[in-house]
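The values are calculated or read from the model by the stated rules, or taken from the named source; none is laboratory data. A quick note: this is a predicted structure, and the numbers were derived from the prediction, not measured. All Cβ positions, glycine included, derive from the backbone under ideal geometry; neighbour counts span all protein chains shown. With ligands, DNA and RNA removed, areas are computed over all heavy atoms of the protein, side chains included. Shrake-Rupley method; radii C 1.70, N 1.55, O 1.52, S 1.80 Å.
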Amino acid sequence: MFTFTNLKQLEMSTAKKDYKRVTVKSLVEMKANKEKISMLTAYDYTMAKIVDGAGVDVILVGDSASNVMAGHETTLPITLDQMIYHASSVIRAIDRALVVVDLPFGSYQSDPKEALRSAIRIMKESGGHAVKLEGGKEVKESVKRILHAGIPVMGHLGLTPQSIYKFGTYTVRAKEEEEAKKLKEDALMLEKAGCFAIVLEKVPAKLAKEVAESVSIPIIGIGAGNGVDGQVLVTHDMIGMTHEFHPRFLRRYLDLYSEMTNAFKQYVTDVKTVDFPNDNEQY
């Protein structure tokens, strides 16, 4: 018989928990409690301080720094040393969020031993909490070797930007039955191997929901609909610092490109007209 006590116990088990520090265990608990997970990117101390202070659960030091910070066309050029530099800057800023660091292209694909060495360098030299890598069964041995060393791993399936020259396009992945079947199998394999979460990028919402329901670990979507366990966006995109990028999945919460441009123009005008600094702004 269902009693008031049972109801209270149910409410307590599903209530949101106030995590002082988010861990890989926290994310699994969030999924079990049906609490959505928030994830954003950061590549430097100042941005990470703001993102962490806002209560974001996971900060991804993404290889998207190659695009956002360095201006490269793809994520491929960024090096392991550069990822460690960015991750170190982020780690110094955070108090609460879990910090996940991307393993860059070329640091894990060809040799599981190299993958482990790369992951160890990230953990030791940056202080990051976990690493993320792209791919399914083709990186299985690298995933297992990193996990056996005690390093948490987040997977990444669907559109995998490090494989852009293989795919030739950034279009939606797994629309066809064969690729969708492989994605599901890869997700189950990553869970079985021990990954604590998986990012699904640019896949049909229905498929993403099926994957999220088929595994016990969190599925974090980007362009994968709302049937997954959490969402991730590139911070510079969602606050409108980048303005050329207009994917369907992106919601812009600010238009900082316009606001910053206007501020800089006003500064130039004030300097040219000797309006800045005024009497109160000098010694």
For this session: Report, in degrees rounded to the nearest 10, the 0 to 90 angle that the Cα long axis of helix 80-91 makes with the longest principal axis of the chain.
Result: 80 degrees
Exercise. Straight-line reach from LYS36: which lysines have a Cα under 23 Å away, not including same-chain ones fewer than 8 places off?
Worked result: LYS8, LYS16, LYS17, LYS20, LYS25, LYS49, LYS132, LYS184, LYS192, LYS202, LYS206, LYS209
Exercise. Mind checking which of GLU179, GLU73, GLU244 has the largest fluctuation in a GNM of the chain, springs on alpha carbons under 10 Å?
Worked result: GLU244
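Whenever you get a sec, compute what percent of the accessible area on region 27-92 sits on carbon and sulfur atoms (1.4 Å probe).
On the way: 1600 of 2800 Å².
Of the solvent-accessible surface of region 27-92, carbon and sulfur hold 57 percent.
As a test of the formula, what do you get for the chain when each DSSP H run with n ≥ 4 contributes -39,500 (n - 2.57) and the sum is divided by the residue count, at 222 nm and rounded to the nearest 500 deg cm²/dmol?
Details: 12 runs with 121 residues, N = 283.
Helices in the chain give a 222 nm mean residue ellipticity of -12500 deg cm²/dmol.
To the nearest 20 debye, what is the magnitude of the charge dipole of region 11-108 about its Cα centre, counting +1 on the Cβ of each Lys and Arg and -1 on the Cβ of each Asp and Glu?
Numbers: 11 positive and 12 negative charges, 91 e Å.
In total the dipole reaches around 440 debye.
To the nearest 20 debye, what charge dipole does the chain have about its Cα centre, counting +1 at the Cβ of each Lys and Arg and -1 at the Cβ of each Asp and Glu?
Numbers: 36 positive and 37 negative charges, 207 e Å.
Roughly 1000 debye, rounded to the nearest 20.
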Exercise. When we measure straight from the Cα of LYS34, which aspartates and glutamates land under 14 angstrom away, once same-chain ones fewer than 8 places off are left out?
Worked result: GLU11, GLU213, ASP229
Problem set entry | For the chain, with +1 on Lys and Arg beta carbons and -1 on Asp and Glu, the positive-most of GLN282, ALA263, ALA48 along the dipole | ALA48
Problem set entry | Nearest-ten-degree value, helix 177-193 long axis tilted from longest Cα axis of the chain | 90 degrees
